[in-house]
Amino acid sequence: MTYQVILPAAGQGKRMGAGKNKLLLELNGVPVLIHTLRVFAGDKACSGIILAIHPQDEMEFIALLKRYNITKVISLVPGGKERQDSIYQALKTVKTDGVILVHDAARPFIRKEHIHRLAETAVKTGAAIIGVPAKDTMKKVQDSVVMETVERSSLWAVQTPQAFRISILREAYEKAERDKFLGTDDSSLVERLDHPVTIVEGDYDNIKLTTPEDLYFAEAIMKKREKGFY
């Protein structure tokens with residue numbers, strides 16, 4: 001089982017308030033982007049990485065890839081206005097079939113065993129996503145008023161990677177483009193094909209670094225892992 005992976009990395013991370021691409025921020029002296037890339041670059045099952053980037057970051061990204069000896073990046077693709085646009089541009093460069101993963105570059109704590117379970121599930125079913133069961137009580141709210149308490153046992157917080165047969169994901173993106181549909185994630189596009197999507201349970205460490213507070217959680221996760229706790 002092998003796979004390719006698309007990493008959308010063109011966002012400017014305005015909610016992080018860093019004044020630059022948040023992927024260039026450092027954890028333990030190493031950029032977030034490199035932490036994420038190392039997971040896939042060190043995985044024998046990964047046959048190639050496609051980065052969707054903002055053109056203004058291109059030279060800095062190229063320098064980082066060289067500095068940290070990341071050799072599995074097979075192409076740098078200009079990103080679009082929306083995350084969905086960036087992924088579609090990257091997907092257009094893929095000429096083979098097989099399994100493709102889409103992973104947020106700002107999620108550096110994904111574990112290889114979860115990547116493998118996800119990819120293997122996508123081989124069998126065509127579409128698989130990773131997530132964790134909701135831990136909090138969930139309320140449906142309208143105009144600041146609670147309408148109902150939602151049954152928690154059926155709710156999951158969805159993460160990335162998300163894995164698909166390339167032909168299925170391509171069809172989903174082509175349909176979204178025709179319909180001018182903007183989804184919240186790749187799975188939402190595939191669901192519009194009425195194709196079943198299987199969920200694989202991951203772990204709560206697989207956070208996305210979005211706001212400054214997330215950096216504190218990231219440091220705590222790194223310290224935990226340094227002590228051998230997973």
**Request:** Would you work out which of 125, 138, 209 lies farthest towards the positive end of the dipole of the chain? Charges go on Cβ: Lys and Arg +1, Asp and Glu -1.
**Result:** 209
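Express as a percent, rounded to the nearest 5, the fraction of DSSP beta bridges in the chain (both residues included) that run antiparallel. Could the numbers behind the result be given before it?
Values: 17 of 36 bridges.
Percentage antiparallel, nearest 5: 45.
Quote the charge dipole size of region 3-226 about the Cα centre in Debye, to the nearest 20; the model charges only the Cβ of Lys and Arg (+1) and of Asp and Glu (-1). Walk me through the numbers before you get to the answer.
Details: 32 positive and 30 negative charges, 100 e Å.
Rounded to the nearest 20 debye, it is 480 debye.
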**Pairs from 140/224; 81/208; 20/81; 72/175; 95/124; 72/208 whose Cα-Cα separation, in the structure shown, is over 25 Å** = 140/224; 72/175
**Complete:** Karplus ³J(HN,Hα) for region 108-114 (6.51 cos²θ - 1.76 cosθ + 1.60, θ = phi - 60°; Hz, whole; x = Gly/Pro) runs x, 10, 5, 9, 4, 4, 6
**Prompt:** Per the Cauchy relation, a quarter of the hull surface: what is the mean projected area of the convex hull of the alpha carbons in the chain, in nm²?
**Reply:** 13.8
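I'd like the GluC sites (Glu not before Pro) in region 145-230 restricted to DSSP loop residues with at most 14 other Cβ atoms within 10 Å, sorted by number.
On the way: sites: 148, 151, 171, 174, 177, 191, 201, 213, 219, 226; in loops: 151.
When the GluC sites (Glu not before Pro) of region 145-230 are filtered for loop state and at most 14 Cβ neighbours within 10 Å, 151 remain.
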**Item:** Check: region 78-197 dipole with +1 on Lys, Arg Cβ and -1 on Asp, Glu Cβ, in debye
**Value:** 320
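Tell me the mean residue ellipticity at 222 nm calculated for the chain from its helices only (DSSP H runs of n ≥ 4, each -39500 (n - 2.57), averaged over every residue, nearest 500). Before the final figure, lay out the partial values.
Working: 7 runs with 78 residues, N = 230.
Helix contribution divided over all residues of the chain: -10500 deg cm²/dmol.
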**Item:** Calculated log₁₀ intensity ratio I(q)/I(0) where the Debye formula runs over C-alpha points of region 100-212, q = 0.12, 0.16, 0.22 Å⁻¹
**Value:** -0.49, -0.83, -1.20
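Values quoted throughout were computed directly from the atomic coordinates according to the rules given, and no laboratory measurement underlies them. Please read all numbers here as calculations on a predicted model, not as lab measurements. Heads up, the Cβs are rebuilt from the backbone with ideal geometry, glycines too, and the neighbour counts pull from every protein chain shown.
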